[in-house]
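Heads up: the structure comes next, in structure tokens.
The values are calculated or read from the model by the stated rules, or taken from the named source; none is laboratory data. All of these numbers come straight from a predicted model, not from anything done at the bench. Positions of Cβ are backbone-derived with ideal geometry, glycine not excepted, and every protein chain shown enters the neighbour counts.
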Protein chains: 2
Amino acid sequence: MNDTFLRACRGEEVSYTPVWLMRQAGRYLPQYQSVRANVDFLTLCKTPELAAQVTLQPVDILKVDAAILFSDILIPVEAMGMRLEFSDKEGPVLSEPIRSRASVDRLSIPDTEEDMPFILATIRILKKELDNKVPLIGFSGAPFTLATYMIEGGTSKNFLHTKKMIFQNPRLFDFLLEKITATIVPYLSAQIKAGAQAIQLFDTWAGMLTPVDYKNFVLPYVKKAIAELKKEGVPIIYFVNDCAGILKEIKKAGADVFGIDWRIDIGDAIKKLGKKVVVQGNLDPCALFLPREMIEERVKDILWKGEYAKGHIFNLGHGVLPETPVENVIAMVEAVHKFGQKQ
Amino acid sequence: MNDTFLRACRGEEVSYTPVWLMRQAGRYLPQYQSVRANVDFLTLCKTPELAAQVTLQPVDILKVDAAILFSDILIPVEAMGMRLEFSDKEGPVLSEPIRSRASVDRLSIPDTEEDMPFILATIRILKKELDNKVPLIGFSGAPFTLATYMIEGGTSKNFLHTKKMIFQNPRLFDFLLEKITATIVPYLSAQIKAGAQAIQLFDTWAGMLTPVDYKNFVLPYVKKAIAELKKEGVPIIYFVNDCAGILKEIKKAGADVFGIDWRIDIGDAIKKLGKKVVVQGNLDPCALFLPREMIEERVKDILWKGEYAKGHIFNLGHGVLPETPVENVIAMVEAVHKFGQKQ
């Protein structure tokens, strides 16, 4: 098996820098589009054969060093009892957003095998079909990020409802975060038991908080989740979008790998996180619209700086954009494999 | 005259930390709402008596230490020849976004007195009505931020069109930025000549770039604009939203004051900018939803850390949100004035 990705996660020696991309299975791939043409997004997530099929597409097409389960971060939120829909324009819509004690009380803590069996079925198919070619990454939204969707009812510009709850009713917010953490820990453990060989926690919106609010209202739950998941023995990646101002706090989360966005120089991020950590990132997804030779320059720059960390996994600083030319994504992966060779 | 704000801008000794708020004239004020009830937003911007009236409201109601001209950052963009409309849902809409050489060629460099006379008329009324009570701040969008609106046709999530132009046609992008810079420098000079005693450049979207792209495609034009404006002899404030990852570059802009958002600890920001700079900021606008005593705690923390800079002007890290309770804004200003007294 190509275990370069897993070795890099553990900070072990590797013969080259491994690479995968957030949202590597997605709309920029014509092969994905043709699967999606016959089925809506949520149905795709919940149909194991199809979810497995689109998970495998980028492994074959891009030759990345890891597969990531095709799913949505809001799947466990729906399983907690909220109604989830996807609108083409607005993205995810959760009706009846969580704003009161009663609405938090109504949420259940789902059982993965019973309430999200398709997730485990997808992983089991993938384990067979990947046949140990590359490792499989499982994932979940981090507690805070899931909470923002639940409180806002979808994506948000200012996260005002979330911050209002934090600021005006911090005990209710804590109560909600506890319930989410109690959901995602067994959810991720189940993914690992079914065959996921690494886990990524996505904290897409944690960067919208001040450092002190991050420290008080986000970090404790991430730390708790990571500490419990570490018992499963697989690497835990913690990705925080817009992380530059809160790296000092983020490093306390206890993750094996820290995923960073593109708004900070990866060398600066390593200085703040400390050279003993493994980092993942951080090409601007829009840099995939550069001419090929300039993509190579940016890849080289990030690889060069990544050498200063204990380990480096190449990735984008956020998900692949739907408009991205596939050939540029392939060029990027090739550049990482070419220029990321260790002497 | 209360010149505390101007003294702080220049890094001179002050008896207390001055305070004003981005978007202090706005929808959260019932007095503003009642003016807006009879007139649409753009007409309000273009009617000097009304624009002056709403500019003065927060000075009287909040007792802030500076007034800022009520206007919109896209006024000079409209004067360059683009059609500007405001939709309640989507915000500003610029039809026929700039994507080609021909569309850049079609843009004119407006004359402020001729093409935006209402701006200067508003300032002249304000100078009379303020009667030197507090200084008046003029402003403009920074070149990059104005370019994003012009290229995207409004606000954006990923700024893909802007980055595509930067990445695929950097000469066209430079050409556009030169034209915008050539517009805003005389525009701001005219504001100063009409009576503005300080200038703020708003770079709301510069934080969406990688540090290297900021350095190559944003900084040269900001530097140029600031260098030329400095000849006018008034303090220049440069506000960059989402600045944490690019502070090392931002400090090269040559501004008198650096405005920072709330996603970074102001103490950390000062460490990066250097103790010789004056900083402005950086309370999270959502912190105005905290209970009064907790607003005071946050104000005290920022004031305490602000002491480490050469000067500090208290402000939010972004504009006041329309939903903000007025009494909390007043409480914040009172807290700054109370706890910001120098011994």
Worksheet item: Would a scan of the range B:233-243 turn up a residue that is surrounded by fewer than 18 Cβ atoms within 10 Å (Cβ to Cβ) and not aromatic (Phe, Trp, Tyr)?
Response: yes
Worksheet item: Taking the condition in a helix (DSSP H, G or I), hydrophobic (A, V, I, L, M, F, W, C), closer than 23 Å to A:Cys9 by Cβ and touching a strand residue (DSSP E or B) at 6+ places or on another chain (Cβ under 8 Å), does A:Ile123 pass?
Response: yes
Worksheet entry | Pair list, Cβ < 8 Å and 6+ apart or interchain, from the range A:237-265 residues that are within 14 Å of chain B (Cβ to nearest Cβ) to residues that are part of a loop (DSSP other than H, G, I, E, B) and hydroxyl-bearing (Ser, Thr, Tyr) | A:Asn241/A:Thr204; A:Trp262/B:Thr210; A:Arg263/B:Thr210; A:Asp265/B:Thr210
Worksheet entry | Checklist (1) closer than 18 Å to A:Met80 by Cβ; (2) more than 16 Å from the chain's Cα centre (by Cα) applied to A:Lys230, failing item | (1)
Item to complete: Return only the number of the condition from (1) farther than 30 Å from A:Asn2 by Cα; (2) within 17 Å of the chain's Cα centre (by Cα); (3) surrounded by fewer than 21 Cβ atoms within 10 Å (Cβ to Cβ) that A:Val212 does not satisfy.
Response: (2)
Worksheet entry | Enumeration of residues in the range A:310-324 that are within 11 Å of chain B (Cβ to nearest Cβ) and polar (S, T, N, Q) | A:Thr324
Worksheet, complete the sentence: All-but-one check, A:Lys276 against (1) modelled with pLDDT of 95 or more; (2) closer than 24 Å to A:Thr4 by Cα; (3) not hydroxyl-bearing (Ser, Thr, Tyr), failing number (1)
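Given the criteria buried (at least 23 other Cβ atoms within 10 Å of the Cβ), out of contact with any His (no Cβ under 6 Å at 6 or more places or on another chain) and either under 20 Å from A:His318 (Cα atoms) or aromatic (Phe, Trp, Tyr) (or both), does B:Leu201 qualify?
Judged against the criteria, B:Leu201 is not a match.
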Response to the item:
With the first residue restricted to the range A:196-221 and required to be within 14 Å of chain B (Cβ to nearest Cβ) and within 13 Å of A:Ile184 (Cβ to Cβ), and the second required to be in a loop (DSSP other than H, G, I, E, B) and modelled with pLDDT of 95 or more, Cβ contacts under 6 Å at 6 or more apart or on different chains are A:Asp203/A:Ala142
Response to the item:
Among (1) surrounded by fewer than 21 Cβ atoms within 10 Å (Cβ to Cβ); (2) within 14 Å of chain A (Cβ to nearest Cβ); (3) under 23 Å from B:Phe5 (Cα atoms); (4) of a type in the set (A, V, I, L, M), B:Ala190 falls short only on (2)
Response to the item:
Selection over the range A:1-15 where residues are touching a Ser or Thr at 6+ places or on another chain (Cβ under 9 Å) and among the small types (Gly, Ala, Ser) yields a count of 2
Worksheet, complete the sentence: Restricting the range B:268-298 to residues that are in contact with a Pro (Cβ under 9 Å, 6 or more places away or on another chain) and more than 23 Å from A:Lys272 (Cα to Cα), the one farthest from the other protein chains (Cβ to nearest Cβ) turns out to be B:Val278
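Okay, residues lined up against (1) under 15 Å from B:Ile98 (Cβ atoms); (2) in contact with a helix residue (DSSP H, G or I) (Cβ under 7 Å, 6 or more places away or on another chain); (3) more than 14 Å from every other protein chain (Cβ to nearest Cβ):
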{"residue": "B:Ile119", "(1), (2), (3)": "no, yes, yes"}
{"residue": "B:Asp131", "(1), (2), (3)": "no, no, yes"}
{"residue": "B:Phe144", "(1), (2), (3)": "yes, yes, yes"}
{"residue": "B:Tyr149", "(1), (2), (3)": "yes, yes, yes"}
{"residue": "B:Gly153", "(1), (2), (3)": "yes, no, yes"}
{"residue": "B:His161", "(1), (2), (3)": "yes, yes, no"}
{"residue": "B:Phe175", "(1), (2), (3)": "yes, yes, yes"}
Worksheet item: What helices (runs of 4 or more DSSP H) lie completely within the range A:19-101 and have 1 or more residues being in contact (Cβ under 8 Å) with a residue 24 or more places away in the chain and touching a strand residue (DSSP E or B) at 6+ places or on another chain (Cβ under 7 Å)?
Response: A:41-46, A:48-62, A:75-79
Worksheet entry | Top-ranked residue in the range A:52-84 [being within 17 Å of the chain's Cα centre (by Cα) and farther than 18 Å from A:Val320 by Cα; ranked as surrounded by the fewest Cβ atoms within 10 Å (Cβ to Cβ)] | A:Ile75
Practice prompt. Check the range B:299-309 and report whether any residue there is in contact (Cβ under 8 Å) with a residue 12 or more places away in the chain, touching a His at 6+ places or on another chain (Cβ under 6 Å), crowded, with 21+ Cβ neighbours inside 10 Å and more than 14 Å from chain A (Cβ to nearest Cβ).
Written response: yes
